[in-house]
């Protein structure tokens, strides 16, 4: 009977990897560089070589491995086919088939990295005890993962959970990275919060500690905690957009809990003070009891979720 599973999280700079037992206990974690040159042709062979080297180091045979789960930064459908990963230089690729061949037949499961991280938070993180959840990653962009009855909701082409591109503002003049205007990501990401802060500072003459030093999402919420009135106004704008966006999601998938992660989540539970009022005011009444929690796995969420995919 298989004793081990590998979790792999492919990022644009590094590939995070973990060796787990079938109960979800991690016994080893390491990283390798993501070689994106030449259309990312080296990435899967490098992953396979790293796994095989770890198996050799630990004396693990093929029969001992239940499989390898992989999270990748792009849409991945239910068959493990990735539909373009721009950051890796990949076009459409059968991730499961190609990596299985490189691993001499070891079973492989693949998923979108944000969805996989959501599965990790459900299993061993901030969403433990819940089978219906939405994980929201507030980082450079806004990522999301939707888990229904304990399973990732991928959608037809693996694009399910792209909550950062919900349209929330009709009058935006700056384009989102996706090319559209007024996406949630433009207001709730770290860069979006900085944009809101810059606009507020330009439009107001109020004194604020934000006028000193480098402007960032962290600086905004540090100023909020210090009682800075202008920073509070920025946080209210952020919360208005994100609360409404999450209310829309709640009305569609009715999660038990939203798990908030990413760099912005380091501000802590003060975020909920600004998200919850807008959410409660606009959400469908049947979803008003939806819980909010902070993610707890940090950068390890992806490897945990990737391992869980295999064990499913």
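Read-outs throughout are calculated quantities, based only on the coordinates presented, and are distinct from any laboratory measurement. Worth saying up front: this structure is predicted, and the values here are computed from it rather than measured. Note that each Cβ is placed from the backbone with ideal geometry, even for glycine, and that neighbours are counted across all protein chains shown.
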Item to check | Among 39, 67, 18: highest mean-square fluctuation, GNM of the chain, C-alpha pairs under 10 Å | outcome: 39
Checklist entry - Taking a label point 7 Å from the Cα of residue 270 along the Cα→Cβ vector, which residues of the stretch 201-225 have an amide N closer than 18 Å to it? => result 201, 207-225
Checklist entry - If you take the square roots of the eigenvalues of the alpha-carbon gyration tensor of the stretch 65-149 and sort them as a ≥ b ≥ c, do you get rounded (a/c under 1.5), prolate (a/b over b/c) or oblate? => result oblate
Checklist entry - What is the antiparallel percent of DSSP beta bridges lying wholly in the stretch 129-296, to the nearest 5? => result 55 percent
Checklist entry - Out of these labelled values of mean projected area of the Cα convex hull in nm², (1) 22.2; (2) 20.0; (3) 16.7, which was calculated from the coordinates shown here? => result (3)
Checklist entry - Extension gain residue 14-residue 181, at 0.36 nm per residue separation less the Cα-Cα distance, in nm? => result 57.1 nm
Checklist entry - Taking Cα atoms, how many degrees apart are the long axis of helix 113-124 and the longest axis of the chain, rounded to 10 and kept between 0 and 90? => result 90 degrees
Checklist entry - What is the helix-to-structure angle for 229-253, meaning the angle in degrees between its Cα long axis and the longest Cα principal axis of the chain, kept from 0 to 90 and rounded to the nearest 10? => result 50 degrees
Item to check | Prolate/oblate/rounded label for the stretch 1-136 (Cα gyration tensor, a/c 1.5) | outcome: oblate
Item to check | Distance between modelled label sites at residue 53 and residue 37, nm, 7 Å Cα→Cβ extension | outcome: 1.8 nm
Checklist entry - Could you state the per residue volume, in Å³, of the convex hull enclosing the Cα atoms of the stretch 129-296? => result 117 Å³
Checklist entry - Would you list 309, 153 from fewest to most Cβ contacts within 10 Å? => result 153, 309
Checklist outcome for this item: Summing -39500 (n - 2.57) over every DSSP H run of at least 4 in the chain, dividing by its residue total and rounding to the nearest 500, the 222 nm mean residue ellipticity is -11500 deg cm²/dmol
Checklist entry - How high is the relative contact order of the stretch 21-116, given as a whole-number percent (alpha carbon pairs under 8 Å, six or more residues apart)? => result 29 percent
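So if we plug the beta-carbon distance of residue 149 and residue 46 into 1/(1 + (r/R0)^6) with R0 = 22 Å, what FRET efficiency do we get, rounded to 0.05?
0.05
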Checklist entry - Between residue 83 and residue 3, 0.36 nm times their residue separation minus their Cα-Cα distance comes to what? => result 25.6 nm
Next on the checklist: Can you compute the modelled spin-label distance between residue 201 and residue 25, with each label point 7 Å from Cα toward Cβ, in nm?
Outcome noted: 5.0 nm
Checklist outcome for this item: Fewest to most Cβ atoms within 10 Å: 183, 178 sort as 178, 183
Item to check | Ascending count of other beta-carbon atoms within 10 Å, so fewest first, for 228, 289 | outcome: 289, 228
